[in-house]
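Everything below concerns the one structure shown next.
The values are calculated or read from the model by the stated rules, or taken from the named source; none is laboratory data. Everything numeric here is computed off the predicted structure, so don't read it as measured data. Neighbour counts run over all protein chains shown; Cβ positions are idealised from the backbone, glycine included. In case anyone asks, the SASA skips ligands and DNA or RNA and just uses the protein heavy atoms, side chains included. Shrake-Rupley method; radii C 1.70, N 1.55, O 1.52, S 1.80 Å.
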Amino acid sequence: MRIIFLGPPGAGKGTQSERICKDYNIVQLSTGDILRANRNLGTDLGKKAQSYMDSGALVPDDLIIEMIRVELKNPNLANGYILDGFPRTVPQAEALDKLLQELGQELDTVLVLEVPNEELLKRLTARRICRICGKSYHLIYNPPKIEGTCDVEGGELYQRDDDKEEPIMNRLKVYEAQTMPLIEYYSKKNLVDKINGVGEIDFIYNQIQAVLNKYI
Ligand code: AP5
C-alpha cells in the first residue's frame, strides 16, 4: 500500500503513521524526521535545512526532492510506504509524479487529516519527542508513563525548536499557502480521503482503518 499523509503541523500524522505501519506492514517516510536526523549528524543537508526548519519555513524543493529520490529507491519500501510530510508544495507533488512513473508505482490514497488551528496550537506547544526513537507524546493528551521519559526506548523527552509559538504560527501559514493546494491537486486525481482529525487517537485511527481497508 502506498499512502500520502497530508495535514497541518500537529494534526497527528506521526502519531497515526506509527499505528498504520505496524498494522499494514509498511514503512513510514517522514521528511521531517529524515531532516532532523541529518541535522543531528551534522551532514551538509542538515546544515542547509536547519535555519528553515527552526523558523517554520519549508526547506527548498530541490533539496527535498533529491532526498526523496534516494529514499524511495530503498528496497525496504517494497511492501509499501506512507509519505509523512511529503509532498508539501505543488512542485514537490509534480516531482513525485515523475519519480513514481520512473519506479512503475501508483499511490492508493492521499489521507487528509483535518484539524482546526486552535487545536493544533494546543497539541504542538505541549508535544514532547523521544531523543532516541522520535516517538511523540503530549503532556496532557498522550503522556508517557514516566514523566520526561519515552515508554519504548527510555530516552529523554525534549521539545522541538519549531514547537514554540512563533514558529508554529509560521508553520500554520506556510501549510495554508503552500501545502493546502495539494488537496485540490490530488482531488483531481480522485485520490483524496478526508479524515476528521479531532477526537481520541483511537477514534481517528478507526476512521483511517475503514479507509485503508478499501485498498487491501
Ligand atoms: P515535520 O516534522 O514534517 O512537521 P509537521 O508537518 O509540522 O508535522 P508535525 O510532526 O509537527 O505534526 P504531526 O502531524 O506528525 O503531529 P504528531 O503526530 O506529532 O516538518 C518539520 C519541518 O521540516 C518543516 O517545518 C520544514 O521546515 C521541514 N520539512 C519537512 N518536510 C518538508 C518538505 N516536504 N518540504 C520542505 N520542508 C520540509 O501530533 C502532534 C501532537 O499532538 C503530539 O503531542 C501528539 O501526542 C498529539 N496528538 C496526536 N493526535 C492527537 C489527538 N487525536 N488528540 C490529542 N492529541 C493528539
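Within the group ILE168, ILE183, which residue is among the hydrophobic types (A, V, I, L, M, F, W, C) and buried (at least 18 other Cβ atoms within 10 Å of the Cβ)?
ILE168
Do you know which of the residues in region 126-138 that are among the hydrophobic types (A, V, I, L, M, F, W, C) and part of a loop (DSSP other than H, G, I, E, B) is farthest from the ligand (Cβ to nearest atom)?
Among those that are among the hydrophobic types (A, V, I, L, M, F, W, C) and part of a loop (DSSP other than H, G, I, E, B), it is ILE132.
Out of region 40-71, which residues are open to solvent by 60 Å² or more (accessible area, probe 1.4 Å) and either free of Cβ contacts under 8 Å to residues at least 24 places away in the same chain or outside any helix (DSSP H, G or I) (or both)?
ASN40, LEU41, ASP44, LYS47, LYS48, GLN50, SER51, TYR52, ASP62, GLU66, VAL70
For region 103-125, state whether one or more residues are more than 16 Å from ALA11 (Cα to Cα), more than 15 Å from the ligand (Cβ to nearest atom) and in a helix (DSSP H, G or I).
yes
Is it the case, given these coordinates, that GLY197 is closer than 23 Å to GLY80 by Cβ, within 10 Å of the ligand (Cβ to nearest atom) and surrounded by fewer than 20 Cβ atoms within 10 Å (Cβ to Cβ)? Don't jump to the end; show me each part of the working.
On the way: closer than 23 Å to GLY80 by Cβ: yes; within 10 Å of the ligand (Cβ to nearest atom): yes; surrounded by fewer than 20 Cβ atoms within 10 Å (Cβ to Cβ): no.
No.
Return the residues of region 141-153 that are modelled with pLDDT of 95 or more and open to solvent by 30 Å² or more (accessible area, probe 1.4 Å); say none if nothing qualifies.
PRO143, LYS145, ILE146, GLU147, GLY148, THR149, ASP151
State whether one or more residues within region 14-22 are open to solvent by 30 Å² or more (accessible area, probe 1.4 Å), part of a helix (DSSP H, G or I), more than 11 Å from the ligand (Cβ to nearest atom) and at pLDDT 95 or above. It would help to see each step written out before you state the result.
Going residue by residue through region 14-22, those that are open to solvent by 30 Å² or more (accessible area, probe 1.4 Å) are 14-15, 18-19, 22.
Subsequent filtering for residues that are part of a helix (DSSP H, G or I) retains 14-15, 18-19, 22.
Within this subset, residues satisfying the condition of being more than 11 Å from the ligand (Cβ to nearest atom) are 22.
Checking which are at pLDDT 95 or above leaves us with 22.
Yes; the residues of region 14-22 include at least one that is open to solvent by 30 Å² or more (accessible area, probe 1.4 Å), part of a helix (DSSP H, G or I), more than 11 Å from the ligand (Cβ to nearest atom) and at pLDDT 95 or above.
In region 126-139, which residues are surrounded by 15 or more Cβ atoms within 10 Å (Cβ to Cβ) and basic (Lys, Arg)?
Residues satisfying the conditions are ARG127, ARG128, LYS135.
Determine whether region 72-94 contains at least one residue that is free of Cβ contacts under 8 Å to residues at least 24 places away in the same chain and within 22 Å of LEU172 (Cα to Cα).
No, there is no match, as no residue in region 72-94 is free of Cβ contacts under 8 Å to residues at least 24 places away in the same chain and within 22 Å of LEU172 (Cα to Cα).
Just give me the residues in region 1-13 being more than 17 Å from LYS194 (Cα to Cα) and either assigned to a helix (DSSP H, G or I) or within 14 Å of the ligand (Cβ to nearest atom) (or both), in sequence order.
Matches in region 1-13: none.
Taking into account only those residues within region 30-71 that are away from the ligand (no atom under 11 Å from the Cβ) and among the acidic types (Asp, Glu), which is farthest from LYS13 (Cα to Cα)?
Restricting to residues being away from the ligand (no atom under 11 Å from the Cβ) and among the acidic types (Asp, Glu), the top hit is ASP44.
Return the residues of region 69-90 that are among the hydrophobic types (A, V, I, L, M, F, W, C) and out of contact with any Pro (no Cβ under 7 Å at 6 or more places or on another chain); say none if nothing qualifies. Outline the logic, then answer.
Start the filter on region 69-90 by keeping residues that are among the hydrophobic types (A, V, I, L, M, F, W, C), which leaves 70, 72, 77-78, 82-83, 86, 90.
Listed by number, the residues that qualify are VAL70, LEU72, LEU77, ALA78, ILE82, LEU83, PHE86.
Examine region 72-95 for a residue that is part of a strand (DSSP E or B), of a type in the set (Phe, Trp, Tyr) and within 11 Å of the ligand (Cβ to nearest atom), and state whether such a residue exists.
Within region 72-95, none of the residues are part of a strand (DSSP E or B), of a type in the set (Phe, Trp, Tyr) and within 11 Å of the ligand (Cβ to nearest atom).
Mind checking whether some residue in region 105-125 is open to solvent by less than 70 Å² (accessible area, probe 1.4 Å) and either at positive phi or without any contact (Cβ under 8 Å) to a residue 24 or more places away in the chain (or both)?
No, region 105-125 contains no residue that is open to solvent by less than 70 Å² (accessible area, probe 1.4 Å) and either at positive phi or without any contact (Cβ under 8 Å) to a residue 24 or more places away in the chain (or both).
Within region 173-181, identify whether any single residue is outside any helix (DSSP H, G or I), within 13 Å of the ligand (Cβ to nearest atom) and over 27 Å from PRO60 (Cβ atoms), and answer yes or no.
The answer is no, given that none of the residues of region 173-181 is outside any helix (DSSP H, G or I), within 13 Å of the ligand (Cβ to nearest atom) and over 27 Å from PRO60 (Cβ atoms).
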